[in-house]
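A.B. asks: Sharing a structure, written as structure tokens. Questions coming.
The values are calculated or read from the model by the stated rules, or taken from the named source; none is laboratory data. Note that the coordinates shown come from a computational prediction; the quantities given were computed from them, not determined experimentally. Here the Cβ positions follow ideal geometry from the backbone for every residue, glycine too, while neighbour counts run over all protein chains shown. Heads up: the accessible areas ignore ligands, DNA and RNA and are worked out on the full protein's heavy atoms, side chains in. Shrake-Rupley method; radii C 1.70, N 1.55, O 1.52, S 1.80 Å.
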Amino acid sequence: VTATEYGKKVFTWIVSSGFCSDSSDVSVEFLQPPVANAGSNQNNCGREYFLRAVPSSGTGTWTRVSGPGTASFSPDNHDPLAKVTVSAFGTYVFRWTEVNGTCSSSATVTIVFFEQIAANAGNGGDECDLNFRLNAVPGTGNGTWSLVNGPGTATFSPDNHQYNALVSVTVPGSYDLEWREVSNNCSSGDIIRVNFHPAPYVSAGSDVSICTGG
């Protein structure tokens, strides 16, 4: 027998002999087989991640398969989009299992949890010319200087990946400069302000010769 829709069906078996007949019923439940989809593997910054299972049929459940620490699920481990929080950074494997009656299906996803980095651009300041020696504190990631805001353009020497690069601007004014570090899937930026003041014009006047007592 092939049903056109899922659900419970009742079938009757009838036996006839002359004017006599008898029947018996049987109930069959046609269950939709689940197809588990745990989402795609991801790299995550921090110890919290929103899982992304695609539900099909039945009841789904998240479980931790492996990883260096423990894992908790919020609001619970039956939510396909549950937030998982791990106790230690590293690589974790989670399994999404769907059960519909006697039918079941499962799939796994790998999430790598990286520690959040914190960029430190150092201190800004005031400069009496158009050059300033930057003083970022290098961290574990790859750092890059960039101009966020200012009245002119800025160039970095020897390049903008040097934490203590010399920045040169084209016109005086206040400039906001960002030091951004990227490590794995994590990034962090810190901004400093440098005020470039034009050097004042100084004139002591002309040289003169005077007599004693003059």
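A.B. asks: Output the residues belonging to the range 163-178 that are closer than 8 Å to L134 by Cβ and either out of contact with any Pro (no Cβ under 8 Å at 6 or more places or on another chain) or not in a loop (DSSP other than H, G, I, E, B) (or both).
C.D. replies: Narrowing the range 163-178 to residues closer than 8 Å to L134 by Cβ: 163-167, 177.
Those that are closer than 8 Å to L134 by Cβ and either out of contact with any Pro (no Cβ under 8 Å at 6 or more places or on another chain) or not in a loop (DSSP other than H, G, I, E, B) (or both): N164, L166, V167, L177.
A.B. asks: On to the next question. Across the range 180-198, what is the number of residues that are crowded, with 18+ Cβ neighbours inside 10 Å and among the aliphatic types (A, V, I, L, M)?
C.D. replies: Total meeting the criteria: 2.
A.B. asks: Something else now. Would you confirm, using the coordinates I've provided, whether A82 is of a type in the set (A, V, I, L, M) and more than 30 Å from V171 (Cα to Cα)? Quick ask: steps written out before the conclusion?
C.D. replies: Details: of a type in the set (A, V, I, L, M): yes; more than 30 Å from V171 (Cα to Cα): yes.
Yes.
A.B. asks: Select from the range 169-179 the residues that are surrounded by fewer than 17 Cβ atoms within 10 Å (Cβ to Cβ) and more than 17 Å from G122 (Cα to Cα) and list them in ascending order.
C.D. replies: Answer for the range 169-179, where residues must be surrounded by fewer than 17 Cβ atoms within 10 Å (Cβ to Cβ) and more than 17 Å from G122 (Cα to Cα): T170, V171, G173.
A.B. asks: Right, another one. With the requirement that a residue be of a type outside the set (A, V, I, L, M), part of a loop (DSSP other than H, G, I, E, B) and either modelled with pLDDT of 95 or more or surrounded by 12 or more Cβ atoms within 10 Å (Cβ to Cβ) (or both), what does the range 1-37 give you? It would help to see each step written out before you state the result.
C.D. replies: First, pick out the residues of the range 1-37 that are of a type outside the set (A, V, I, L, M): 2, 4-9, 11-13, 16-25, 27, 29-30, 32-34, 37.
Still in the list and also part of a loop (DSSP other than H, G, I, E, B): 2, 4-6, 18-19, 32-34, 37.
Passing the criteria: Y6, Q32, P33, P34, N37.
A.B. asks: Also: Have a look at A107, A82, A53 and point out the one that is in contact with a Leu (Cβ under 6 Å, 6 or more places away or on another chain), touching a residue at least 12 places away in the same chain (Cβ under 8 Å) and of a type in the set (G, A, S).
C.D. replies: Details: A107 fails: in contact with a Leu (Cβ under 6 Å, 6 or more places away or on another chain); A53 fails: in contact with a Leu (Cβ under 6 Å, 6 or more places away or on another chain).
Exactly one residue qualifies, and that residue is A82.
A.B. asks: To continue, here is another question. Are any of the residues in the range 116-131 open to solvent by 60 Å² or more (accessible area, probe 1.4 Å) and free of Cβ contacts under 8 Å to residues at least 60 places away in the same chain?
C.D. replies: The answer is yes; a qualifying residue exists.
A.B. asks: From the list N120, N149, which residue is farther than 29 Å from Q42 by Cβ and at pLDDT 95 or above?
C.D. replies: Working: N120 fails: farther than 29 Å from Q42 by Cβ.
Being farther than 29 Å from Q42 by Cβ and at pLDDT 95 or above holds for just one of N120, N149, which is N149.
A.B. asks: Criterion first (more than 30 Å from V65 (Cα to Cα), open to solvent by 70 Å² or more (accessible area, probe 1.4 Å) and touching a residue at least 40 places away in the same chain (Cβ under 8 Å)) does N142 satisfy it? Spell out the reasoning first.
C.D. replies: Details: more than 30 Å from V65 (Cα to Cα): yes; open to solvent by 70 Å² or more (accessible area, probe 1.4 Å): yes; touching a residue at least 40 places away in the same chain (Cβ under 8 Å): yes.
Yes.
A.B. asks: Right, next: Can you tell which of S72, S57, S40 is part of a strand (DSSP E or B), of a type in the set (G, A, S) and either open to solvent by 30 Å² or more (accessible area, probe 1.4 Å) or modelled with pLDDT under 95 (or both)?
C.D. replies: Result of the check over S72, S57, S40: S72.
A.B. asks: Among the residues of the range 82-104, what is the count of those that are open to solvent by 30 Å² or more (accessible area, probe 1.4 Å), touching a strand residue (DSSP E or B) at 6+ places or on another chain (Cβ under 6 Å) and over 15 Å from N44 (Cα atoms)?
C.D. replies: Final tally of qualifying residues: 3.
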